[in-house]
Amino acid sequence: FTQRLGLSYRFPYIDKAKKTGLGIAVGYNTNNTLAYTTKSDNLVYLKTEGILRERFTASVSVRKRYKFYDFHTVELTYNVNRIADTIARLNPRYFNDGHTNQQYAMISYGFNYDLRDNVVYPLRGKRFEIGFAKLGLLPSDNVQELDIAVGFSKYFPLTKRLFSSFQVKGKTAITTGNQPFYNVRGLGYGSDLVRGYELYVIDGHSFSLTKANIRYKLFDKNLFY
């Protein structure tokens, strides 16, 4: 679906206290298969031999750790997106008003408090995250939007071998004017998935999602040393 060329570099620490990091990245993506609209909660795709969408991004980010388990991240990104005339004709709302170009600057802030025993497969602990993203920093930008997202996860044992967890997440978008189809991201995009409905999407400005899990430790043995 996506042909991608990118370059990124991260400075883990730029201060003697080793609490501040810096990252820079640039990327260029193209698509010859593209979802241009939704129908009955399904993405509708178009596939051609040519390029249907081009995306260029450049970003710089600063990450700050005040305490051992909490992280603050501020990122500034510039986005340039282009679509083929065919996409604009099939869905004039893709970038709104039949436009084939979209560009905007974005600044985002994220706070992450992670107190889990294992990042990959946690069984105990908790995690809290909150994020703000302002799309459109200049009057000339094609998007003016404020995104707010909040998430909380809790992991705990029920017995010696039985574990449970629950996650709650919510997101809302405050927009000026009609939001372009490209920027509408409700449920079904990225990691905001409802199990059993991974092939479906729900477009909208706001959503909330709750998940619960039960895990059983079948065996506990080191396979590699």
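Based solely on C-alpha atoms, express the radius of gyration and the Dmax of the chain in angstrom.
Looking at the chain, its Cα Rg and Dmax stand at 20.5, 60 Å.
What does the charge dipole of the chain about its Cα centre add up to, to the nearest 20 debye, if the Cβ of each Lys and Arg holds +1 and the Cβ of each Asp and Glu holds -1?
1260 debye
For the cross-link pairs 67/169; 18/64; 16/67; 39/171, which exceed 18 Å when the distance is taken from alpha carbon to alpha carbon?
In this structure, 67/169; 39/171 lie more than 18 Å apart at Cα.
In µm²/s, what is D for segment 75-199 at 20 °C and 1.002 mPa s, where D = kT/(6 pi eta Rh) by Stokes-Einstein and Rh is the Kirkwood radius from Cα pairs?
Here the translational diffusion coefficient equals 125 µm²/s.
What FRET efficiency comes out for the pair residue 18/residue 101, r = Cβ-Cβ distance, R0 = 35 Å, nearest 0.05?
Efficiency, from the Cβ-Cβ distance: 0.25.
Taking only the C-alpha atoms, wrap a convex hull around segment 4-43 and report its volume per residue in Å³ as a whole number.
Per residue, the Cα convex hull of segment 4-43 comes to 101 Å³.
Short version: what are the Cα gyration tensor semi-axes of segment 11-81, square root of 5 times each eigenvalue, largest first, in whole Å?
Details: eigenvalues 289, 51, 13 Å².
That gives 38, 16, 8 Å for the three semi-axes.
Give me the percent of accessible area attributable to carbon and sulfur for segment 42-95, probe 1.4 angstrom.
C and S atoms contribute 56 percent here.
Using 7 Å Cα-to-Cβ label points, what is the residue 113/residue 199 separation (nm, one decimal)?
Spacing of the two 7 Å Cα→Cβ label points: 4.1 nm.
Have a look at 56, 137, 72 and report the one farthest towards the positive end of the charge dipole of segment 47-161, computed about the Cα centre with Cβ charges (Lys/Arg +1, Asp/Glu -1).
Ranked along the dipole, the leading option is 72.
Please work out the average accessible area per residue across the chain, using the 1.4 Å probe convention, and give it in Å².
Per residue, the chain has an accessible area of 65 Å².
Mind jotting down the three principal axis lengths of segment 8-128 based on Cα atoms? Whole angstrom, largest first.
54, 33, 25
Of the candidates 169, 64, 16, which one comes out as most mobile in a Gaussian network treatment of the chain with C-alpha springs shorter than 10 Å?
Among 169, 64, 16, the largest GNM mean-square fluctuation belongs to 16.
Between residue 176 and residue 210, what FRET efficiency comes out of the Förster formula 1/(1 + (r/R0)^6) with R0 = 30 Å and r the beta carbon distance, rounded to 0.05?
It comes to 0.50.
The values are calculated or read from the model by the stated rules, or taken from the named source; none is laboratory data. Computed from a predicted model, the values in this text were never measured in an experiment. All Cβ positions, even for glycine, are placed from backbone atoms using ideal geometry, and neighbour counts span all protein chains on display. The protein model used for the area step is the full one, side chains on, heavy atoms only, and it has no ligands, DNA or RNA in it. Shrake-Rupley method; radii C 1.70, N 1.55, O 1.52, S 1.80 Å.
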